[in-house]
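Please read the structure below before turning to the comments.
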Amino acid sequence: MKKRTFIKTLVGGSLAMATSNAWMSCTNEETKSATIPIATQNKKELPSRWIWMRPDLNKTMDDWKLQFEQMKNAGIQAILPQVYASRDTLFDHPLLTVKEPWLEKIIPVAHAAGLEVHAWMWTMPLNDPKMIEAHPDWFSVNRNGQPSHTHPAYVDYYKFLDPCHPEVQEFVAGNVEALAKIEDLDGVHLDYVRQPDVILAEALQPKYDIVQDKEYPEYDYPYSERCRAQFKAEHGIDPMDLGDDAPAHEAWRQFRYDAVSNVVNNFCVPMARKYDKKITAAVFPNWESVRQQWHRWDLDGFLPMLYQGFYNEDIPWIGEEVAKAKERLKKADNPKPVYSGLFMPHVPAEELEKAIRVSEEGGASGWSIFDLGSVSEEHWEVLKRIYGSKG
């Protein structure tokens, strides 16, 4: 991306000189306030029918015009284009390398087709070699004391950031701001707003040749010095001293939920709202396993990834999980809409209408498809039949 003085300052490690002093610490009070909703400014309702999409930089704007018209004709109302996946960006950014300002190009084309654009960004992973070299202290640490950038869990790109680090909080907020400042963008969509999976979904464990019958230390995060010091100041215990009993320690578990919630509620959300942008997130149904207590986040809506095949479940499970999510939000006094995330490789065209129906029966305000590249002609035909005349 384009480098500016601000960037050079941050990469050099002097973040405090480049950002607001008001955000420079993750105090205990901030962690406690992570679950307190803040006032919503943008009152416009969210769309009901979404689609996640990865970019194809070989397509022309004319190609995208035709693609967006196809989506609109099939009832899609909003696109979620992936514009930051923890390395370079596809939008103008003051710090990271800009591969191409693709987002700014497609927004008017999508709007002309009648589609909203909510930019999809990774939140907590960071895989930019330049940033890793400059800030090795930014990364989350597991119960074995191993940082994620040198010992990532499962796959190489699982280099997750430390939610307790004030400079990480600023960095993430800056990424949201860079998107939210794009004048015609409709919203910001957060992904990977979490820590590594301490327990993978059941169907994924054989893929990695592991059995996770409990929370093993190599997958258990975060145990950074900052998180441990903050928890010890409040509870008088160093979590590392808990050993194998750490997963059962209720206060330590809640502290880690709150650490991630703090990044969302006190850094990401205010930045989006500052520019009057909607803010949503892709979230997990098994939220405990990724330290993602999302029913206590002050977002405008949630898109849980209800990929039933990963959990060895069938289509009705999707509706059941929507109902559970709605109940958690109700109990948290946070009545925000839920849009069921549908994984097309696990939803054949002949079952798509059923997946939509059970979502609605569970209380979903709509759905989102993952992803554009997995939508078959048969899927499009089903959507056109159901929604083609509804706009």
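The values are calculated or read from the model by the stated rules, or taken from the named source; none is laboratory data. Since the structure is predicted, the reported quantities are computational estimates derived from the model, not experimental observations. Note: ideal-geometry Cβ built from the backbone for every residue, glycine included; neighbour counts use all protein chains shown.
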Problem - Number of the exception - M271 against (1) out of contact with any Asp or Glu (no Cβ under 6 Å at 6 or more places or on another chain); (2) in contact (Cβ under 8 Å) with a residue 40 or more places away in the chain - result: (1)
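Table: residues versus (1) crowded, with 22+ Cβ neighbours inside 10 Å; (2) closer than 19 Å to R194 by Cα; (3) touching a residue at least 24 places away in the same chain (Cβ under 8 Å).
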| position | (1), (2), (3) |
| --- | --- |
| F310 | no, yes, yes |
| E313 | no, no, no |
| K330 | no, no, no |
| P337 | no, no, yes |
| G341 | yes, yes, yes |
Handout entry: Qualifying helices (runs of 4 or more DSSP H) (wholly inside the range 211-315; at least 1 residues being closer than 28 Å to K44 by Cα)
Key = 250-263, 269-274
Practice task
Just name the residue that is farthest from R357 (Cα to Cα) out of those in the range 287-335 that are hydroxyl-bearing (S, T, Y) and within 18 Å of the chain's Cα centre (by Cα).
Solution key: S289
Fill in the blank from the handout: Expected single match for outside any loop (DSSP other than H, G, I, E, B), under 15 Å from the mean Cα position of the chain (by Cα) and closer than 30 Å to Y208 by Cβ among V176, V172, V193 is V172
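With touching a Gly at 6+ places or on another chain (Cβ under 8 Å) and surrounded by fewer than 19 Cβ atoms within 10 Å (Cβ to Cβ) as the only criterion, which of A349, A323 stands out?
After applying the criteria, what remains is A323.
Condition check ((1) charged (D, E, K, R); (2) in contact with a helix residue (DSSP H, G or I) (Cβ under 6 Å, 6 or more places away or on another chain); (3) surrounded by fewer than 16 Cβ atoms within 10 Å (Cβ to Cβ)) across all residues:
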position: F68; (1), (2), (3): no, yes, no
position: S86; (1), (2), (3): no, no, no
position: F91; (1), (2), (3): no, yes, no
position: V109; (1), (2), (3): no, yes, no
position: A112; (1), (2), (3): no, no, yes
position: W122; (1), (2), (3): no, no, no
Fill in the blank from the handout: Taking the range 226-242 and the residues there that are in contact (Cβ under 8 Å) with a residue 40 or more places away in the chain and of a type outside the set (K, R), the one that is surrounded by the fewest Cβ atoms within 10 Å (Cβ to Cβ) would be A233
Practice task
Taking A272 as meeting all but one of (1) surrounded by 17 or more Cβ atoms within 10 Å (Cβ to Cβ); (2) farther than 26 Å from M53 by Cα, write down the number of the exception.
Solution key: (2)
Handout entry: Qualifying residue in the range 297-305 (condition: closer than 21 Å to K72 by Cα, surrounded by fewer than 17 Cβ atoms within 10 Å (Cβ to Cβ) and of a type outside the set (S, T, Y))
Key = no
Exercise for the section: Given the conditions (1) over 22 Å from the mean Cα position of the chain (by Cα); (2) among the basic types (K, R); (3) closer than 15 Å to I279 by Cα, report the number of the one that K214 does not fulfil. Expected result: (3)
Problem - Answer residue from the range 145-168, given it is in a loop (DSSP other than H, G, I, E, B) and aliphatic (A, V, I, L, M) and is surrounded by the most Cβ atoms within 10 Å (Cβ to Cβ) among those - result: A153
Completion exercise
Restricting attention to the range 337-374, the residues that are more than 26 Å from E45 (Cα to Cα), in contact with a helix residue (DSSP H, G or I) (Cβ under 7 Å, 6 or more places away or on another chain) and either of a type in the set (F, W, Y) or in a loop (DSSP other than H, G, I, E, B) (or both) number exactly 1
Problem - Hey, K384 out of contact with any Leu (no Cβ under 8 Å at 6 or more places or on another chain) and under 18 Å from A281 (Cβ atoms) or not - result: no
Practice task
Could you please let me know if S148 is polar (S, T, N, Q), in contact with a Lys or Arg (Cβ under 7 Å, 6 or more places away or on another chain), within 27 Å of F231 (Cβ to Cβ) and in contact (Cβ under 8 Å) with a residue 40 or more places away in the chain?
Solution key: yes
Practice task
Kindly indicate whether any position in the range 15-32 is modelled with pLDDT of 95 or more, surrounded by 16 or more Cβ atoms within 10 Å (Cβ to Cβ) and part of a loop (DSSP other than H, G, I, E, B).
Solution key: no
Fill in the blank from the handout: Of those in the range 243-254 that are surrounded by 13 or more Cβ atoms within 10 Å (Cβ to Cβ) and under 15 Å from N142 (Cα atoms), the residue farthest from the chain's Cα centre (by Cα) is A246
Exercise for the section: Scan the range 327-335 and give yes if some residue there is touching a Phe, Trp or Tyr at 6+ places or on another chain (Cβ under 8 Å) and either in a loop (DSSP other than H, G, I, E, B) or modelled with pLDDT under 95 (or both), otherwise no. Expected result: yes
